[in-house]
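One structure is given here, and the rest of the page talks about it.
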Amino acid sequence: MSLRPLFGHHAIRHRLAAAASDGRLPASLLLQGRRGVGKQRLALWLGQYLICDRATNERLPSPCGECQQCRYAERAVHPDLHWFFPRPRLKDSDPSTDDVKADLGEGIAERMETEGLWAPSVGTEGLYIGVIRALVQMASVRPAMARHSVFVVGDCERMVSQEGADQAANAFLKLLEEPPPGTTLILTTSEPGALLPTIKSRVVSVRVPALTRPDMEAFLADPVVERKLSRVPREDVIARANGAPGDLFAGESMGAAFANARVLLDAALAPRTPDGTTARIKAAAKQGVAGARGAFSDTLDALTHLLHTRTQQLVHAGRESDARRTASALPLVEAAKSKAQNNVSPNLLTASLLQAMHRTMHP
């Protein structure tokens, strides 16, 4: 199994490749953009470009795809291209580096079994402190095959803080600030507002936009993608993706999260009437009294996505004041996500969130 090719993002590819060729590529990068636009795939592409023996920087910069470095990278098994992303918490509260490597290997194999079209991480998964400790340790080791080591950390906003783990957290911050020579760290996030300021201050941010219509068409023409989406009309697929093809492969749990998030958004937008108030109360009550870090966290992630999409639609419709009000609700959801990491009641948190969103989005 191999990763799917990278589609679109040509301008960013040129910028990153030119910077790498000239020795100007920052050692610590943050790729930020909407969920599903291909940030992790772009990060893996850049990692492959950096370790490729014959990378080109011509009309369209690209790794050669033929050298041993590329063959291993495209199968996600290169020992110097490390890929971290949220995973379920390991049973051992203090896992060894080998335990973390084995677990990540399982996660990567699962993603490769989907032919490179994996579903987004769910709310119960995170980048726990044992993983961060292992990453720091691995970064201290010299490359095994290539001249360069690359660490891709997907969904880095899912880093979970933990009491008594200051030493590991500080070591990671120091690593971001001063990676070893020949080491590049590439973080990705769809929620930059949820990142700690200490992380954002140590990385160079690059915005990754949604795919254009031609790039979406090219993605949908990929044989594997075409087979997996063959039952859905092309226009429906393009409309649903809205430039973020990764969202097309959300699992059943994320589908339920999006349905729940739409209920919350509709409730927040409901008018200041008794019926509107009732809608908000009912929507909050449905969230339950426990499990904030499970399905409820997925719902908040989906709500962020829906707010981004609604903001863009309002801008395109010329309703700029409504777009600004909708965008102003995003920090409220980010604050709710932070609270959801603790032992809170989802229905009480939702009730407060919906009231705040209602006041923000209504003139």
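From the list Leu354, Leu314, Leu330, the one residue that fits, being closer than 21 Å to Leu195 by Cβ and touching a helix residue (DSSP H, G or I) at 6+ places or on another chain (Cβ under 7 Å), is Leu330. Give the stretch 90-124 a look and list any residue that's under 18 Å from the mean Cα position of the chain (by Cα) and in contact (Cβ under 8 Å) with a residue 40 or more places away in the chain, or say none. Within the stretch 90-124, Met112, Thr114, Gly116, Leu117, Trp118, Ala119, Pro120, Val122, Gly123, Thr124 qualify.
Taken over the stretch 53-67, the residue count meeting the criterion of being under 20 Å from Ser2 (Cα atoms) and loosely packed, with under 13 Cβ neighbours inside 10 Å is 2. Within the stretch 55-66, residues that are among the hydroxyl-bearing types (Ser, Thr, Tyr) sit with their Cβ atoms under 8 Å from residues that are assigned to a loop (DSSP other than H, G, I, E, B) and surrounded by fewer than 19 Cβ atoms within 10 Å (Cβ to Cβ), at 6+ positions apart or across chains, in these pairs: Thr56/Cys64.
Okay, residues lined up against (1) in contact with a strand residue (DSSP E or B) (Cβ under 8 Å, 6 or more places away or on another chain); (2) farther than 17 Å from Leu42 by Cα:
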site	(1), (2)
Glu178	no, yes
Thr188	yes, no
Lys200	yes, yes
Arg207	yes, no
Arg227	no, yes
Ala241	no, yes
Pro245	no, no
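Can you confirm whether the stretch 38-58 contains a residue that is closer than 28 Å to Pro192 by Cβ and in a loop (DSSP other than H, G, I, E, B)? Within the stretch 38-58, one or more residues are closer than 28 Å to Pro192 by Cβ and in a loop (DSSP other than H, G, I, E, B). Among the residues making up the stretch 347-363, a single one is of a type in the set (Ser, Thr, Tyr) and touching a residue at least 60 places away in the same chain (Cβ under 8 Å): Thr350. Exactly one residue among Arg41, Arg111 is of a type in the set (D, E, K, R), in contact with a Phe, Trp or Tyr (Cβ under 9 Å, 6 or more places away or on another chain) and at pLDDT 95 or above, and that residue is Arg41. At pLDDT below 95 and surrounded by fewer than 18 Cβ atoms within 10 Å (Cβ to Cβ): is that true of Leu90 in this structure? When the stated conditions are applied, Leu90 passes them. Of all residues in the stretch 307-363, those satisfying the criterion of being hydroxyl-bearing (Ser, Thr, Tyr) and more than 21 Å from Ala257 (Cβ to Cβ) are Ser321, Ser328, Thr360. Residues in the stretch 320-346 that are free of Cβ contacts under 8 Å to residues at least 40 places away in the same chain and either in a loop (DSSP other than H, G, I, E, B) or of a type in the set (A, V, I, L, M, F, W, C) (or both): Ala323, Ala327, Ser328, Leu332, Val333, Ala335, Ala336. For Ala283, are the conditions met, namely being part of a helix (DSSP H, G or I) and at pLDDT below 80? So Ala283 does not fit the description; no.
Select, from Thr309, Thr277, Thr304, the only residue that is in contact with an Asp or Glu (Cβ under 9 Å, 6 or more places away or on another chain), assigned to a helix (DSSP H, G or I) and either closer than 25 Å to Ser345 by Cα or not assigned by TED's automatic domain parsing to the domain that holds Leu195 (or both). Within the list Thr309, Thr277, Thr304, the selection yields Thr304. Scan the stretch 148-156 and give yes if some residue there is more than 21 Å from Cys70 (Cα to Cα) and assigned to a helix (DSSP H, G or I), otherwise no. So far as the stretch 148-156 goes, yes, one or more of its residues are more than 21 Å from Cys70 (Cα to Cα) and assigned to a helix (DSSP H, G or I).
Within the stretch 7-31, the set of residues being crowded, with 18+ Cβ neighbours inside 10 Å and either closer than 15 Å to Gly243 by Cβ or basic (Lys, Arg) (or both) comprises Phe7, Gly8, His9, Ile12, Arg13. The set of residues in the stretch 67-85 being touching a residue at least 40 places away in the same chain (Cβ under 8 Å), touching a Leu at 6+ places or on another chain (Cβ under 9 Å) and not in a strand (DSSP E or B) consists of Gln69, Tyr72, Glu74, Arg75, Ala76, Phe85.
Inside the stretch 1-24, residues that are out of contact with any Gly (no Cβ under 9 Å at 6 or more places or on another chain) and more than 18 Å from Glu58 (Cβ to Cβ) make up a count of 2.
The values are calculated or read from the model by the stated rules, or taken from the named source; none is laboratory data. As the structure is a computational prediction, the values presented were derived from the model and not from experiment. For neighbour counting, all protein chains shown are included, and Cβ atoms are generated from backbone atoms with ideal geometry for every residue, glycine included.
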